[in-house]
Amino acid sequence: MNWDRIEGNWKQIKGKAREQWGKLTDDDLDVVAGRREQLAGKVQERYGCAREDAEKQVAEWERKATDSWFRK
C-alpha cells in the first residue's frame with residue numbers, strides 16, 4: 001500500500017490504527033494525521049519500545065493495508 005494513500009484517507013482508516021495500537025488515544029491519532037514518522041513516534045511513546053521496533057510495527061501495519069480499508 002502506498003503511504004500517500006493512507007495519509008490522504010487518514011480519517012477513514014485511523015480506526016484500523018486504533019485496532020492495531022489500542023493504547024493510542026483519539027488525540028494521538030488526530031495529532032498523527034496520517035504522517036508516518038509521527039505514528040511511529042506515538043507507538044514508541046505509548047508502548048515504550050525502541051524507535052526501530054515502532055517503525056517496524058508501522059511498516060508491517062502498512063503492508064497489511066488493503067483496499068477494503070478505504071470506503072469506496
What number of residues in the stretch 58-68 are outside any loop (DSSP other than H, G, I, E, B) and out of contact with any Leu (no Cβ under 9 Å at 6 or more places or on another chain)?
7
For the stretch 4-29, which residues satisfy the criterion of being in contact with a helix residue (DSSP H, G or I) (Cβ under 6 Å, 6 or more places away or on another chain) and open to solvent by 80 Å² or more (accessible area, probe 1.4 Å)?
23
Taking into account only those residues within the stretch 43-72 that are of a type in the set (Gly, Ala, Ser) and under 19 Å from residue 5 (Cβ atoms), which is surrounded by the most Cβ atoms within 10 Å (Cβ to Cβ)?
65
Cβ pairs under 7 Å, 6+ apart or interchain, first in the stretch 34-48 and under 17 Å from residue 8 (Cα atoms), second open to solvent by 40 Å² or more (accessible area, probe 1.4 Å) and of a type in the set (A, V, I, L, M), ordered by first then second residue, are 38/31
Identify, from the list 17, 50, 33, 59, the residue that is of a type in the set (A, V, I, L, M, F, W, C) and more than 10 Å from the chain's Cα centre (by Cα).
50
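For (1) part of a helix (DSSP H, G or I); (2) farther than 21 Å from residue 69 by Cβ, each residue gets a yes or a no:
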| residue | (1), (2) |
| --- | --- |
| 7 | yes, no |
| 15 | yes, no |
| 19 | yes, no |
| 24 | no, no |
| 30 | yes, no |
| 42 | yes, no |
| 45 | yes, yes |
Restricting to the stretch 3-33, give me the number of residues that are of a type in the set (Lys, Arg) and without any contact (Cβ under 8 Å) to a residue 12 or more places away in the chain.
2
Is it the case that the stretch 49-69 has a residue that's aromatic (Phe, Trp, Tyr) and in contact with a Phe, Trp or Tyr (Cβ under 8 Å, 6 or more places away or on another chain)?
no
Take the stretch 30-42 and flag every residue that is open to solvent by less than 80 Å² (accessible area, probe 1.4 Å) and more than 19 Å from residue 53 (Cα to Cα).
33
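The values are calculated or read from the model by the stated rules, or taken from the named source; none is laboratory data. None of these values were measured; they are calculated from a predicted model. Every residue, glycine as well, gets a Cβ built from its backbone with ideal geometry; the counts of neighbours run over all protein chains shown. Please note that ligands, DNA and RNA were not included when accessible areas were found on the heavy atoms of the full protein model with its side chains. Shrake-Rupley method; radii C 1.70, N 1.55, O 1.52, S 1.80 Å.
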